[in-house]
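Have a look at the structure below before the remarks.
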């Protein structure tokens, strides 16, 4: 399965709010992610730098790339924009990370 990893950044003082919003993630957003072939999505926080590290396992690159066009994704970006670094369209500033090591049982 393809894996994407990327880094984003929170605004200072927004850690608790970021957690809360993800604890209450909208069911229609979860459905859109699943429909796009997302099998696993994990986000980790470095509290010293406020960097968020995301790892996303998915089935279909084409479907995943279409997520940004969905209304629910646009609304989520607007909802998250006040608490993290974003582009002018509300999408998070995400820096792709490159794999350098993997320990895999398979």
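Quick look at the numbers
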quantity	calculated
Hits in segment 26-77 (condition: farther than 22 Å from residue 93 by Cβ, outside any helix (DSSP H, G or I) and free of Cβ contacts under 8 Å to residues at least 24 places away in the same chain)	40
Pair list, Cβ < 6 Å and 6+ apart or interchain, from segment 78-90 residues that are at negative phi and surrounded by fewer than 16 Cβ atoms within 10 Å (Cβ to Cβ) to residues that are at pLDDT below 95 and part of a loop (DSSP other than H, G, I, E, B)	78/90
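So that you can scan it fast, the table gives a plain yes or no per residue for (1) under 11 Å from the mean Cα position of the chain (by Cα); (2) at positive phi; (3) modelled with pLDDT under 95; (4) surrounded by fewer than 12 Cβ atoms within 10 Å (Cβ to Cβ):
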residue: 18; (1), (2), (3), (4): no, no, no, no
residue: 24; (1), (2), (3), (4): no, no, no, yes
residue: 27; (1), (2), (3), (4): no, no, no, yes
residue: 45; (1), (2), (3), (4): no, no, no, no
residue: 51; (1), (2), (3), (4): no, no, no, no
residue: 59; (1), (2), (3), (4): no, no, yes, no
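The values are calculated or read from the model by the stated rules, or taken from the named source; none is laboratory data. A quick note: this is a predicted structure, and the numbers were derived from the prediction, not measured. Ideal geometry is used to build each Cβ from the backbone, glycine not excepted, and the neighbour counts take in all protein chains shown.
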